[in-house]
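In what follows, a structure is listed as structure tokens, so that the remarks can point back to it.
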Amino acid sequence: MDLQQFSLSYGGDNYAGDFYSEDYYDFYDDQLEDGNQDYQPNVNSNIHSGPTFWSNLSFYQLCAQCVVPAIGSTGNLLGNTLILCIIFRLFIVISNKIQVVPEAVLHTVCAICGVLPLIIFHEDGDLYQLLLQIVLYPMFCYIVSIICILTLKRHSSIVFSVIILFTLFYRECFTNDSKWQKTKSAHMLMSMKAMAILFDIQSNKLNKFPSVPQYTGYMMCAGTVYLGPFLTFQEYSNAFSLSVYWNKTKVCRLLWKITISLLCFVLSICVVDWLFSQYLSTNNKSNSIINIFLTMYKQALEFRTGHYFVAYASTVFATVCGYHSENNSEILVTHPLVMEWPRSLLHVVVHWNAPMHYWLKKYVFEEVLKYGNKNKKHRNRIIAVGTTYLVSSLLHGLERRLSAVLLSLAAYTYVEHRMRTKLASRFPNKFSYFAKNKYPHHDSKTYLSSLNQYNWYFWSINIMFTVLNIIHLAYLGSIIDMSVGNSYNTTYQESFAPWSRVSYFSHFIMLFMFFISIIL
């Protein structure tokens, strides 16, 4: 199966789509099946509300049979990756001290430290084919990039991007290669890096195309090739040229992030399901509005906490490796508090995965705008937004459920942005709408806001939209079932059963808001 993360964007700060591998979940499910003969994975059902294995356990049994094994198995995998990141960083520090190690060796060591975790994650006896999947893809991207640069020049980045996107789409839809399913997250990240290099060369951000060792090291860089985050070539290069200063505060922050990452994994894999199932299993009113919402919220929360686990783990790996953002600040990935208390959907799409938000904003949205008619800015933005979500869906192989979530959230974000902007402009003393970006990748941007932001109108409207956004996110996330690989293995009715069960009410709310925005 392929756990994919949904996100999208609208307007000036937009991003759509990222994903992570769920081999942690596969690995752990295998251990559960071996240790618990009565364990049955939570297979996809039409309503996702049946009793689960964890709901029959006491808290002590849950800790013994789920929490402790989860921390042990996942901590082992994270620990191996973390050790390799430390080795890579120590090698860079020593090399900079003695200054005799060739640059090509540094990049090669980086690539090796990036590939080794993949070997650790997939000890299935077919190591040779696995390595071919990982090593040959950067070679393919490198050759195609050179051909596009030499033959097309001006439009090389666009043509190359189309080739790469349809290559991913073909592999996803028309091959039954199990190795592809295990390495698709790495392929997606490498594809984004390859496209970013050509766009940066075309915009003169990069003076020349990287050498083979540089390209290989960047594509398979230690600590990021599997879980991310996305890095620009300049951010990757910073690890070799800029010093990293460690102190007690920074070490404590890393330990705190590791703790949060493991906590989120435990929440995603067993605790969230156990907590909600305790209530749902004792409440006989399975068709009540509260039970239906809690079931949807549980499904979405499991998905989101799984994302937080990967986001914090990838932040730790990137920091230990010495990667910096382009302004020499720490690379941040997500902001869970913004996600769980979403003041606006614009906050959600920015803070879900900031580095990948940056990729789609810079290399898709802004690039598409360059080709638009200067006299039709509104139409250009709509086309750019649509292209952004199409690219995001193609990166994920046009998976049915994820594409539906991306398209829906795109419409939701547009409608909310349109409605709140009009309310704030027509009633400046009553309504407020603003969104500030906290990440160094992007400039802070303030939308319409009221001078009187502390009256009861301001608080009531913001709370209303926050509650509405929580409902929307629970509704949209309810179809992302971690127990099912992708929608190709299910029928349309099975894939969208959670939405059908509630008569697509969230979509109708969005349509109602759209009509209100037209009237305003």
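Observations on the model:
- In terms of its C-alpha gyration tensor, the range 177-221 comes out prolate, because a/c is 1.5 or above and the ratio a/b outweighs b/c.
- Peptides 466-472, 417-423, 182-188, 207-213 ranked from most to least packed by the mean count of surrounding Cβ atoms within 10 Å: 182-188, 417-423, 466-472, 207-213.
- Within the range 156-259: Cβ-based charge dipole about Cα centre, in debye rounded to nearest 20 (Lys, Arg +1; Asp, Glu -1): 380 debye
- Hypothetical label at Val101: residues of the range 194-229 whose amide nitrogen lies under 16 Å (7 Å Cα-Cβ projection): 213-214, 217-218, 221-223
- Student exercise, the range 226-370 dipole from Lys, Arg, Asp, Glu Cβ charges, in Debye to nearest 20: 260 debye
- Highest-first packing order for the peptide set 339-347, 492-500, 239-247, 377-385 is 339-347, 492-500, 377-385, 239-247, based on the mean count of other beta carbon atoms within 10 Å.
- Contact order normalised by residue count of the range 109-256, Cα under 8 Å, 6+ apart, percent: 36 percent
- For the range 173-302, the relative contact order comes to 20 percent (Cα pairs under 8 Å, sequence separation of at least 6).
- Overall, the range 93-219 carries a charge dipole of about 480 debye about its Cα centre when +1 sits on the Cβ of Lys and Arg and -1 on the Cβ of Asp and Glu, all other atoms neutral.
- Three-way shape call for the range 272-394 based on the alpha-carbon gyration tensor, with the a/c threshold at 1.5: oblate
- The per residue volume of the convex hull around the alpha-carbon atoms of the range 134-232 is 92 Å³.
- Cα gyration tensor shape for the range 214-283, rounded if a/c is under 1.5, else prolate or oblate: oblate
- FRET efficiency, 1/(1 + (r/R0)^6) with R0 22 Å, evaluated for Thr108 and Tyr128 via beta carbons: 0.65
- When the P(r) is computed for the range 195-333, the part past 24 Å accounts for 49% of the Cα-Cα pairs.
- Inter-label distance for Phe427 and Val68, nm, one decimal - labels placed 7 Å from Cα along Cα-to-Cβ: 5.7 nm
- D_trans [Stokes-Einstein, Kirkwood Rh over alpha-carbon pairs] for the range 297-340, 10 °C, 1.306 mPa s, µm² s⁻¹: 138 µm²/s
- Filter on Lys184/Lys374; Lys193/Lys377; Lys182/Lys298 - keep pairs with C-alpha separation over 32 Å: Lys184/Lys374
- Mean accessible surface per residue for the range 229-270, computed with a 1.4 Å probe while every protein chain stays in place, in Å²: 50 Å²
The values are calculated or read from the model by the stated rules, or taken from the named source; none is laboratory data. The model shown is predicted, which means the values in this text are computed figures rather than measured ones. Cβ sites come from the backbone with ideal geometry, for glycine too, and all protein chains shown count toward neighbours. The area values use the complete protein model at the heavy-atom level, side chains included, leaving out ligands, DNA and RNA. Shrake-Rupley method; radii C 1.70, N 1.55, O 1.52, S 1.80 Å.
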